[in-house]
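Asks: Shown below is the structure under consideration.
The values are calculated or read from the model by the stated rules, or taken from the named source; none is laboratory data. This one's a predicted model, so the numbers in the text were calculated from it and none came from an experiment. Positions of Cβ are generated from backbone atoms using ideal geometry, with glycine treated the same way; all protein chains shown enter the neighbour counts. Just the protein is used for accessible areas: all its heavy atoms, side chains included, with ligands, DNA and RNA removed. Shrake-Rupley method; radii C 1.70, N 1.55, O 1.52, S 1.80 Å.
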Amino acid sequence: MNVEQTNLFKKAVKTLHTNQKTDLDKAVNTIINEPKIGQLKGGELSGIRVYKFKMVKQLTLLAYTFHEQTITLTLLALGTHENFYRDLKSHIKSK
C-alpha cells in the first residue's frame, strides 16, 4: 500500500513527542490493515474518513482518504477535536 502525507499532516507530526508518535504509528497501522475503519464524512468533507484514537490519553482525530484503485492511503490531518473540522475544510478549499 502506498501511504502519502499532506503538508498539513506533516506539520502536525513534527510537533509530537516520541510517545505520541508511537500512538500515531499504531493508529496508522490500524488504518492500513483496515482502511474503512474511519467514519466516512459527508457534505464539504465528502470522501474523507476520520479515525478517532487515544494519543497519550487524549482523543485525537486523523483524517484520511483511501483510493482502492491505486491502493493509496493519504493522511490529511491530525489533531484534537477543537477546530479540527474547520481547519480541515479550510485546507481542502485552499487546494
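Asks: Per the helix-only calculation at 222 nm, which mean residue ellipticity applies to the chain, given -39500 (n - 2.57) for every DSSP H run of n ≥ 4 and division by its residues, nearest 500 deg cm²/dmol?
Replies: -11000 deg cm²/dmol
Asks: In Å², what does the accessible area per residue of the chain work out to with a 1.4 Å probe?
Replies: On a per-residue basis, the chain sits at 64 Å².
Asks: Fully extended, how many nm does the chain gain between T30 and T72 (0.36 nm per residue separation, minus their Cα-Cα distance)?
Replies: 13.6 nm
Asks: Further, regarding this structure: Please work out the Cα center distance from segment 61-95 to segment 1-39, rounded to the nearest Å.
Replies: A separation of 11 Å, based on Cα centres.
Asks: So, in nm, how far is label V56 from label L40 when the simple model puts each one 7 Å beyond its Cα toward the Cβ?
Replies: 3.5
Asks: Continuing with this model, one more query. Restricting things to Cα coordinates, could you compute the convex hull volume per residue of the chain in Å³?
Replies: Cα convex hull per residue, to the nearest whole number: 98 Å³.
Asks: Give me, ordered by chain and number, the residues 5 or more places off G79 or on other chains with an amide H under 5 Å from its own placed amide H.
Replies: Those lying under 5 Å, H to H, from G79 are L61.
Asks: Let me ask another. Among all the lysines, which ones have a C-alpha under 29 Å from K57's C-alpha, if same-chain residues fewer than 8 places away are not counted?
Replies: K10, K11, K14, K21, K26, K36, K41, K89
Asks: Separate question: With both bridge residues required to lie in the chain, what share of the DSSP beta bridges run antiparallel, to the nearest 5%?
Replies: 80
Asks: Using modelled backbone amide H atoms (1.01 Å from N, in-plane), which distant-in-sequence or interchain residues come within less than 5 Å of M55's amide H?
Replies: Long-range HN contacts for M55: T60.
Asks: Continuing with the same structure: Along the Cα→Cβ direction, 7 angstrom out, place labels at K14 and T65. What is the inter-label distance in nm?
Replies: 2.3
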